[in-house]
1. Please state which one of SER211, SER143, SER166, SER134 is without any contact (Cβ under 8 Å) to a residue 60 or more places away in the chain, of a type in the set (S, T, N, Q) and surrounded by 14 or more Cβ atoms within 10 Å (Cβ to Cβ).
2. Given the options LEU232, LEU240, name the one that is in contact with a Pro (Cβ under 9 Å, 6 or more places away or on another chain) and either open to solvent by less than 60 Å² (accessible area, probe 1.4 Å) or of a type in the set (Asp, Glu) (or both).
3. Assuming ASP181 fulfils every condition listed in (1) charged (D, E, K, R); (2) without any contact (Cβ under 8 Å) to a residue 60 or more places away in the chain; (3) surrounded by 18 or more Cβ atoms within 10 Å (Cβ to Cβ) apart from one, which condition is it?
4. Checking the structure you have, find out if any residue of the range 108-117 is of a type in the set (S, T, N, Q), within 17 Å of GLY15 (Cβ to Cβ) and assigned to a helix (DSSP H, G or I).
5. Would you confirm, using the coordinates I've provided, whether SER201 is more than 19 Å from GLY125 (Cβ to Cβ), among the small types (Gly, Ala, Ser) and open to solvent by 60 Å² or more (accessible area, probe 1.4 Å)?
6. Quick check on this structure: which one of LEU240, LEU251, LEU247 is under 22 Å from PRO122 (Cβ atoms) and out of contact with any Gly (no Cβ under 9 Å at 6 or more places or on another chain)?
7. If you go through the range 257-284 one residue at a time, how many are of a type outside the set (Val, Ile, Thr), exposed (fewer than 13 other Cβ atoms within 10 Å of the Cβ) and in a helix (DSSP H, G or I)?
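The values are calculated or read from the model by the stated rules, or taken from the named source; none is laboratory data. Predicted, not measured: the structure shown is a model, and the values here were computed from it. Cβ placement follows ideal geometry from the backbone for every residue including glycine, while neighbour counts extend to all protein chains displayed. For accessibility, only protein heavy atoms count, side chains too; no ligands or nucleic acids. Shrake-Rupley method; radii C 1.70, N 1.55, O 1.52, S 1.80 Å.
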Amino acid sequence: MLNDKNLTVGIVGLGLIGGSMAKAAHRCGHRVLGCDKAPEVMAQALAEGVLAGELTESALGECDLLLLALYPQAAVEHLTRWAPAVGRQCVVIDLCGVKRAVCGPLEQLARQHGFLYLGGHPMAGMEKSGYGVSRGDLFQKASMILTPAPDFPAPVLERVESWFLSLGFGRVQRSTPEEHDRIIALTSQLAHVISCAYIGSPTALGFLGFSAGSFQDMTRVARLNETMWTELFLENRDYLAQEIDSLAQRLAEYGRAVGQGDREALYSLLQQAHQRKEFVDEQKEKAMR
């Protein structure tokens, strides 16, 4: 299992993430089979040579890896249909942005049908979506999160980690579905909520000539896929709601300090934020050494 240098990789969904995975795997010499609901996407991927062929239910037995690059519920529904045809040598990995909603059902399917399953989340992307903007270098130096079940075979996990590193990922982070969803509520989902709320200001409609990099940085991810992010937010609503409430409380502190003209309180809040940012950056640098 995963012993060959060149693997057959099946990818379901050829959007930004799935398409980029296909291009990265193809560039590394792997045989890639793919499927997508859009005929024009399939035609382009085949014409470019990214795909060696179409991933059909009958071809599942050829796959060493099967990547599900779909929305969470679609990933569960798709594997439910295809599980009986997945080869016993295959490792199935979902690439969804939440883990609790998918890991439980997919682990159950894997046990029932005799293949291995891993939860996965590539920490890479952009504000645009679709195969047309996918890139083979999208994952360079990015983090790949894996959420193996406690009894997942260690040798297979190590080979999967090595495979993702070979695609250009900078590190592989092991986690649990619970920890993943708790942290991702802050590091990804809340950032998108803030960006959307920020661009909602009436002032944003007349900003031309009054903005520098900060405005662009704050609003970049508001150009999102509404369908996907609505599902991701609601699948993680407990942790995301907690982060939104916590942010509202912190913003209220700034509001009081500014509204009351409390220079000392405002200075203290800004100083704390500055020091916290420096600490976070230092920890990140240490971890990457």
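1. SER143
2. Answer to the check: LEU232.
3. So the condition that ASP181 fails would be (2).
4. The answer is no, given that none of the residues of the range 108-117 is of a type in the set (S, T, N, Q), within 17 Å of GLY15 (Cβ to Cβ) and assigned to a helix (DSSP H, G or I).
5. no
6. From the options LEU240, LEU251, LEU247, the qualifying one is LEU240.
7. Adding up the residues that qualify gives 18.
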